[in-house]
Amino acid sequence: MLDVLRKRKRSWIITFLLGLIIVVFVAFYGGNQFRDEASQDVAEVNGDIITQREFAIHYQRALERYRDLLKGSLTPELEKNLRGTLLEELIQKRLVLQEARNLGLATTDEDLMIAIAQVPDFQVNGRFNKERYLQLLRANRIPPAQFEEEQREQLTIQRLYSIILDGVQVTEGEVR
């Protein structure tokens, strides 16, 4: 077979067939590198997808926190461990949110507005100031919709945890 290809290498039919084979290989096997990385999934938690983009956003925030905390002495090994730890945290957060929503503990828009208005950093003279709120979010490069969704999730998780903790009673003897 190779002898036939070598003898007729100038033939347009052979060139066409080889070109077709190359295109098929690139399309099915080499094309993965050209796909949008943001559309790839990192994990699936009971049908809920954690996207590459979402993971990257959380990773960058965590990396900045650790760099600030460790004053630039963040080792490559610690960065590698951070990825695994962060993924575990995101999965655990999704599981807790799913359970809270199953129990009907989702945070309403009104609850969210009250919670955000009570954040001292967003207040001027003891009252919520929308300009201050937007200014601080812009300074931290966080879109308001993203911040509000994260706050909604945190409030929902806090509701679930408070219900769990309210049900726990420890007697004086158990403490001793």
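The values are calculated or read from the model by the stated rules, or taken from the named source; none is laboratory data. Every value quoted in this text rests on a predicted model; they were computed, and no experiment measured them. Counting neighbours? That spans all protein chains shown, and the Cβs are built from the backbone with ideal geometry, glycine included. SASA here: full protein model, heavy atoms, side chains in, ligands and nucleic acids out. Shrake-Rupley method; radii C 1.70, N 1.55, O 1.52, S 1.80 Å.
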Which ones in segment 124-155 are of a type in the set (D, E, K, R) and touching a residue at least 12 places away in the same chain (Cβ under 8 Å)? E148, R152, E153
Condition set touching a helix residue (DSSP H, G or I) at 6+ places or on another chain (Cβ under 8 Å) and open to solvent by 80 Å² or more (accessible area, probe 1.4 Å), scope segment 115-129, selection farthest from R61 (Cα to Cα): answer is F128
Can you find, within segment 96-112, the residue that is farthest from Y59 (Cα to Cα) among those that are surrounded by 13 or more Cβ atoms within 10 Å (Cβ to Cβ) and of a type in the set (A, V, I, L, M, F, W, C)? L105
Segment 132-148, residues that are out of contact with any helix residue (DSSP H, G or I) (no Cβ under 7 Å at 6 or more places or on another chain), open to solvent by 80 Å² or more (accessible area, probe 1.4 Å) and in a helix (DSSP H, G or I): Q135, R138
